[in-house]
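Since every read-out is calculated from the coordinates, none of them should be taken as a lab result. Nothing here was measured: the structure is a model prediction, and the numbers come from that model. Positions of Cβ are backbone-derived with ideal geometry, glycine not excepted, and every protein chain shown enters the neighbour counts.
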Amino acid sequence: MGIRMVVVVVIALAAGRAEADEWHAGLNLRSELGTHPIRVDGGVRLGRFDLIAVLDPMFWTDGEVDVDLIGAVHVGSSGYAVFGGWRPASISIAHDARQFQHAVLVGALGPLPRIGPFDLAWGFEVAAVVVKHGGALPTDTLSLDTMADVGDNVNLSMFLRVGYGDAL
């Protein structure tokens, strides 16, 4: 945990405070089959560093729950950003058991033209499931030995973010 905190602090200091601080919230519309297609996000941008939480409002449809915790660094004032994060997920399996999965996220996003007061951004991400456990199944860690393992553990996706924000 300590090394993660050091990395976050170093990135935040390197990002500077050239941009205005703001809060933001929006819809996160996804192409990936590993998450629900509509998610809700919100966060706070402090200078060029953005802290974001993405929540799954569709958990009631199938019992799958996932949450993203993301740190993004904006490149100048262009609107482009790179990000990294963590996605814990809880998936319902047979006999009321649950399997827990933990994925590491990396990706990038870029701005699209605004529509009225709404910001639009298009992005892509790679999510790699690094550990699965629970549900009376053996613990499984990231394996890329075969193409089937890659397909099971690595997901590529695109997303469209429609958001609104204002100064803090």
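Below are the figures for this structure:
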{"item": "Gain in span if fully extended, Val67 to Val82, counting 0.36 nm per residue against the direct Cα distance", "result": "3.5 nm"}
{"item": "Over the chain - Rg/Rh using Cα atoms and the Kirkwood inverse-distance radius", "result": "1.00"}
{"item": "Sorted peptide list for 108-117, 78-87, 58-67, criterion being average Cβ within 10 angstrom, highest first", "result": "78-87, 58-67, 108-117"}
{"item": "Relative contact order (%) - the chain, alpha-carbon pairs under 8 angstrom, separation at least six", "result": "20 percent"}
{"item": "Nearest-0.05 FRET efficiency for Phe118 and Arg98, computed from C-beta distance (R0 30 Å)", "result": "0.25"}
